[in-house]
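Have a look at the structure below before the remarks.
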Amino acid sequence: PGAPLNLTRRNIFCGGEVFTASVYGSYEWNTKRTSGKNEGVLNNYQTGVRGSLVFPRLVLPRIGSRAYDFSASTHLDLDISLLNRAKYFKTFTVGGSLSYEFVPNPIRRHSFTPFKLVFNKLYKTDTILNYNPNLYQSLQDQFIPSIGYSYTLDNSSLREGRSRTWWRFTVSEAGNLVSGVYAAFGRSFNEEKKIMKIPYAQFLKATTELRYNHYIDRNQRLAMRIGGGIIYSYGNATIAPYNERFYVGGANSIRAFTIRSIGPGRYVPDPDDPYAYIDQNGDWKLEANIEYRGRLVGDLDIAVFVDAGNVWLIRKDETRPGGTFEWKHLLNDIALGTGIGFRYDMDMLVFRFDIGYALH
């Protein structure tokens with residue numbers, strides 16, 4: 001469970017600006033007790049603060065006298081968080097970004113982030129370093145300077161027809177501009193380089209997700225979703241940062257499995273290994289869901305769903321055999337789950353309760 005406390009101040013500079021500050025926290029526990037020296041309950045937590053300032057216009061030097069004929073906004077964001085994985089590691093993260101949103105029409109949105117910088121600080125590393133050097137590298141102290149672009153298509157505001165489509169594509173890169181500056185001064189491409197004596201990440205990342213809702217009638221509909229992503233690290237770091245990697249499972253993914261409990265690929269962690277579960281992430285991700293929703297009584301709906309997906313590695317990892325993607329193993333690699341759920345729709349808020357059963 002988790003909870004945020006948000007404070008919003010509108011029109012803070014008398015120009016339609018919106019300032020939002022929030023404090024959040026979440027807690028996770030494992031009720032299964034293990035034997036031997038690791039006996040006990042696993043407790044994890046995350047806490048942090050966020051701040052954002054949104055200008056309902058482009059904060060840019062104006063080029064020429066022509067006025068913009070589309071809706072646009074400027075976003076400044078800051079996030080500071082502390083993540084604790086009991087008995088494994090603790091990370092402190094601070095990051096900020098500047099992004100612009102362009103809305104040429106009601107169903108299309110472009111978002112461009114020319115500047116984003118994240119700093120990760122790792123604590124309590126001895127156990128992870130001895131267990132898996134690759135995981136340690138993904139968690140190590142590092143800067144993540146990145147640039148990104150996102151395109152969103154959403155026709156839910158259109159009332160004609162029985163279908164609603166939402167699609168988002170995002171691409172980002174990290175470290176290439178910094179690496180280019182170093183190359184201009186004669187530094188090797190694959191040589192480890194640092195910012196303020198701390199290594200920086202270098203990767204390309206792309207994600208996409210498509211959601212389709214078909215309304216059978218006013219009380220029934222089919223909701224479908226398919227998505228995936230890939231991240232490739234190179235140059236200054238061959239392992240992607242831990243918080244940029246992909247994982248599946250949990251309430252918003254494959255609901256029959258707990259979060260981070262699937263993959264990569266055919267890899268199955270040793271159930272007696274207390275450090276295995278935190279390593280179930282990958283460089284590729286494929287995920288799909290289909291769900292039937294029908295009216296039960298009043299504003300209470302019933303849902304029947306099927307979820308599928310997994311993550312894979314790009315480079316082989318001897319500590320996670322079977323984790324790389326291979327076409328011949330694709331069908332067997334896909335985790336599959338089904339279940340039933342209930343939805344209570346209050347228009348501005350939807351309460352959801354799901355029970356999942358793992359099929360494969």
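The values are calculated or read from the model by the stated rules, or taken from the named source; none is laboratory data. Everything numeric here is computed off the predicted structure, so don't read it as measured data. Neighbour counts are summed over all protein chains in view; Cβ atoms, including those assigned to glycine, are modelled from backbone coordinates with ideal geometry. What goes into the accessible areas is simple: the full protein's heavy atoms, side chains included, and nothing from ligands, DNA or RNA. Shrake-Rupley method; radii C 1.70, N 1.55, O 1.52, S 1.80 Å.
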Flag if residue 315 is touching a residue at least 60 places away in the same chain (Cβ under 8 Å), farther than 30 Å from residue 219 by Cα and charged (D, E, K, R): yes
Neighbours by Cβ (under 9 Å, 6+ apart or cross-chain): first from region 1-22, over 9 Å from residue 53 (Cα atoms); second among the aromatic types (Phe, Trp, Tyr) and open to solvent by 40 Å² or more (accessible area, probe 1.4 Å): 1/27; 2/27; 7/19; 8/19; 9/19; 10/19; 12/19; 13/19
Residues of region 179-204 that turn out to be of a type in the set (Ser, Thr, Tyr) and at pLDDT 85 or above, as a count: 1
Selection from region 74-106 of residues that are modelled with pLDDT under 95 and loosely packed, with under 15 Cβ neighbours inside 10 Å: 104, 105, 106
Subset of region 205-216 that is among the aliphatic types (A, V, I, L, M) and either in contact with a helix residue (DSSP H, G or I) (Cβ under 9 Å, 6 or more places away or on another chain) or open to solvent by 40 Å² or more (accessible area, probe 1.4 Å) (or both) - its residue that is modelled with the highest pLDDT: 210
Test: residue in region 298-320 that is among the aromatic types (Phe, Trp, Tyr), out of contact with any Lys or Arg (no Cβ under 9 Å at 6 or more places or on another chain) and at negative phi: no
Unmet requirement for residue 122, which otherwise passes all of (1) more than 20 Å from the chain's Cα centre (by Cα); (2) closer than 24 Å to residue 49 by Cα: (1)
Subset of region 296-312 (residues that are in contact with a strand residue (DSSP E or B) (Cβ under 6 Å, 6 or more places away or on another chain) and more than 20 Å from residue 360 (Cβ to Cβ)): 296, 299, 300, 301, 302, 303
Residue match in region 87-104 (condition: in contact with a strand residue (DSSP E or B) (Cβ under 6 Å, 6 or more places away or on another chain), aliphatic (A, V, I, L, M) and either part of a helix (DSSP H, G or I) or more than 28 Å from residue 44 (Cα to Cα) (or both)): yes
Residue satisfying all of: in region 276-304; under 22 Å from the mean Cα position of the chain (by Cα) and of a type in the set (Phe, Trp, Tyr); modelled with the lowest pLDDT among these: 277
Looking only at region 309-360, and only at residues there that are open to solvent by 100 Å² or more (accessible area, probe 1.4 Å) and of a type in the set (D, E, K, R), the one that is nearest to the chain's Cα centre (by Cα): 352
Candidate set from region 142-193 (those that are more than 25 Å from residue 230 (Cβ to Cβ) and charged (D, E, K, R)); member that is most open to solvent (accessible area, probe 1.4 Å): 159
